[in-house]
Amino acid sequence: MKIVLNGDPKEVKASTLAKLLEECGFSGRVATAVNEEFVPSSLRIAHALSEGDRVEILSPMQGG
Amino acid sequence: MKSFYGVDLPNPLMLGTAQYPSPAVLEQAFRDSGAGVATVSLRRESGAGQTFWQMIRDLGVLVLPNTAGCHTVKEAVTTAHMAREVFETKWIKLELIGHTDSLQPDVFQLVEAARILTEDGFEVFPYTTDDLIVGERLLEAGCEVLMPWGAPIGSGRGLNNEYALRAMRAEFPDVSLVIDAGIGLPSHAARAMELGYDAVLLNTAVARAGDPALMAKAMMRAVEAGQLAHQADPIEARDMAEPSTPVVGKAFLS
């Protein structure tokens, strides 16, 4: 299935958001959004991915 | 010193974490200055985020996540939710940028986003202008802190409109007020505190200085000096001299 991950097109096997994190090796503290909507970590297991989904995976960064 | 949503800060310096030459220098700036609050952000995971977060945790400071770079209410609200989960805090520095060159806040969207986030249980630190009516609207929206700009972000110009900032302090005597952005020198930071502001938030002035850790220390001394000066009730400036040494009892020697 083709999705857009952090702005880049990507071919993935994962059927849910939780599995996507695993597949792409995101193990640390991250926040997720799918199609511009926040998905809390507790809902990632249940969140099914669809073709063309835009997934954002964010992590802590320097800021002012 | 006023509290920030019930939290007493150890000192009036909030320090940004961006633009330092290295993580080690950033860490040193916090350790040498003793700044008690660190602003942070969320960006696409690139591998460096976890190490950075561990370092911030080890500093033992309060964390204030921002919504930097957001231009719409929706974007800012979503970012705030993501930040609350990652950083495990209700605090959010709400930035809604309205102008590309000046990074001036879009105060109309700011008020709307502040209301939505407050209703969602956030404790909002709005990056705003020195406009009093906007300040009122933000308070009505549930904000207990206001963070007017001193000057545009990163400009180092100091307090562009001291008159307006003084008026803001007078208008909201019981609200925690922070000068956020525009500070370039310790004298600017001291001035903000002399006006009666409760804290100063700065980043570029320290991170881009030749010696960031030393500048962070200078900023801390400046905010503390300004705070003490405000508490000490300074004298009014006058046009003519007034001898400080008593005139009475002076010998006749001419």
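The values are calculated or read from the model by the stated rules, or taken from the named source; none is laboratory data. What you see is a predicted model, and the numbers here were worked out from it, not measured in a lab. All Cβ positions, even for glycine, are placed from backbone atoms using ideal geometry, and neighbour counts span all protein chains on display. We work out accessible area using only protein heavy atoms, side chains counted, and drop any ligands, DNA or RNA first. Shrake-Rupley method; radii C 1.70, N 1.55, O 1.52, S 1.80 Å.
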Item checked: Given (1) modelled with pLDDT under 95; (2) open to solvent by 60 Å² or more (accessible area, probe 1.4 Å), number of the condition A:Cys24 does not satisfy -> (2)
Notebook entry, point to check: Of all the residues that make up the stretch B:26-71, how many are assigned to a helix (DSSP H, G or I), more than 7 Å from chain A (Cβ to nearest Cβ) and open to solvent by 40 Å² or more (accessible area, probe 1.4 Å)?
Noted result: 8
Check: Can you tell me which residues in the stretch B:24-57 are among the acidic types (Asp, Glu) and out of contact with any helix residue (DSSP H, G or I) (no Cβ under 8 Å at 6 or more places or on another chain)?
Finding: B:Glu45
Notebook entry, point to check: Among the residues of the stretch B:139-160, is there at least one that is within 14 Å of chain A (Cβ to nearest Cβ), more than 24 Å from B:Arg208 (Cα to Cα) and modelled with pLDDT of 95 or more?
Noted result: no
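Residues of the stretch B:1-25 being touching a residue at least 40 places away in the same chain (Cβ under 8 Å) and in a loop (DSSP other than H, G, I, E, B), which ones? It would help to see each step written out before you state the result.
Here is the first cut: in the stretch B:1-25, the residues touching a residue at least 40 places away in the same chain (Cβ under 8 Å) are B:1-5, B:7, B:9, B:11-21, B:25.
Result: B:Met1, B:Lys2, B:Ser3, B:Tyr5, B:Leu9, B:Asn11, B:Pro12, B:Thr17, B:Ala18, B:Gln19, B:Tyr20, B:Pro21.
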Check: Looking at (1) under 14 Å from the mean Cα position of the chain (by Cα); (2) surrounded by fewer than 20 Cβ atoms within 10 Å (Cβ to Cβ), can you tell me which one B:His99 breaks?
Finding: (1)
Note to self: Among the listed residues B:Ala251, B:Ala218, B:Ala170, identify the single one that is outside any loop (DSSP other than H, G, I, E, B) and exposed (fewer than 14 other Cβ atoms within 10 Å of the Cβ).
What the structure shows: B:Ala170
Notebook entry, point to check: Given the structure, is B:Leu159 out of contact with any Ser or Thr (no Cβ under 6 Å at 6 or more places or on another chain), farther than 15 Å from B:Ala35 by Cα and in a loop (DSSP other than H, G, I, E, B)?
Noted result: yes
Note to self: I need every pair where a residue in the stretch B:131-143 that is surrounded by fewer than 19 Cβ atoms within 10 Å (Cβ to Cβ) has its Cβ under 6 Å from the Cβ of a residue that is of a type in the set (Asp, Glu), sequence separation at least 6 or different chains.
What the structure shows: B:Leu132/B:Glu171
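Pick from the stretch A:18-37 the residues that are at the interface with another protein chain (Cβ under 8 Å from one of its Cβ atoms) and in a loop (DSSP other than H, G, I, E, B): which of them is farthest from A:Ser59 (Cα to Cα)? Please lay out each step first, then the result.
Going through the stretch A:18-37, the residues at the interface with another protein chain (Cβ under 8 Å from one of its Cβ atoms) turn out to be A:26, A:28-33, A:36-37.
When the remaining residues are screened for being in a loop (DSSP other than H, G, I, E, B), the result is A:26, A:28-30, A:36.
Details: A:Phe26: 10, A:Gly28: 8, A:Arg29: 6, A:Val30: 5, A:Glu36: 16 Å.
The extreme case among them is A:Glu36.
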